[in-house]
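Peer 1: Below is one structure. I have some questions about it.
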Amino acid sequence: MGGNVTVSLEVAGFPIVPAGDMTSGTGHHHLYLDADLTGVGEPVPTVPGSIIHMGDGSSEYTFEGVAPGEHRLIAVVADGIHVPLQPWVVDTVTFTVN
């Protein structure tokens, strides 16, 4: 059995825009659930249920059917073509699903 996990993201002083927008100093969210970050300069891949692109510029996502136990979530902001910003705009949290 698994549970749903809703993630709400907030970035202060930094515009979140849809994918494809290459305006300097902007980006959009990506989520890595129990997955490692891609290398510097590499685009974020899509892995259903594990690496999520929030290319519509949204700031909330719900993972469905997350297995019970401890999990790691990494949020990273990438540019319009999904390459993580430099310097990294990233945060990591761990959580437990009962």
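Rule-based calculations on the coordinates, nothing more; no lab input. Please read these numbers as outputs of a predicted model, since none were measured by experiment. Virtual Cβ from ideal backbone geometry, glycine too; neighbours counted across all protein chains shown.
Peer 1: Report, ordered by the first and then the second residue, all pairs with beta carbons closer than 9 Å, sequence separation of six or more or different chains, a first member in the range 13-41 that is farther than 16 Å from residue 59 by Cα, and a second member that is surrounded by 11 or more Cβ atoms within 10 Å (Cβ to Cβ) and of a type in the set (Ser, Thr, Tyr).
Peer 2: Listed pairs, sorted by first residue: 34/50; 35/50; 38/32.
Peer 1: If I filter the range 1-23 down to residues being assigned to a loop (DSSP other than H, G, I, E, B) and among the aliphatic types (A, V, I, L, M), which single residue comes out as farthest from residue 54 (Cα to Cα)?
Peer 2: Filtering the range 1-23 down to residues assigned to a loop (DSSP other than H, G, I, E, B) leaves 1-2, 9-15, 17-23.
Add one more test, that the residue is among the aliphatic types (A, V, I, L, M), and what stays is 1, 9, 11-12, 17, 19, 22.
Values: 1: 26, 9: 11, 11: 14, 12: 18, 17: 10, 19: 8, 22: 15 Å.
Among those residues, the one meeting the criterion is 1.
Peer 1: So which strands (runs of 3 or more DSSP E) are wholly in the range 49-98 and hold at least 2 residues that are over 10 Å from the mean Cα position of the chain (by Cα) and crowded, with 17+ Cβ neighbours inside 10 Å?
Peer 2: Once the strands (runs of 3 or more DSSP E) in the range 49-98 are filtered for at least 2 residues that are over 10 Å from the mean Cα position of the chain (by Cα) and crowded, with 17+ Cβ neighbours inside 10 Å, what remains is 60-66.
Peer 1: Provide a single number: the residues in the range 24-37 that are more than 12 Å from residue 85 (Cα to Cα) and either of a type in the set (Ser, Thr, Tyr) or part of a strand (DSSP E or B) (or both). Talk me through it step by step, then tell me what you get.
Peer 2: Of the residues in the range 24-37, the ones more than 12 Å from residue 85 (Cα to Cα) are 31-37.
Then keep just the ones that are either of a type in the set (Ser, Thr, Tyr) or part of a strand (DSSP E or B) (or both); that gives 31-33.
Of the residues in the range 24-37, 3 are more than 12 Å from residue 85 (Cα to Cα) and either of a type in the set (Ser, Thr, Tyr) or part of a strand (DSSP E or B) (or both).
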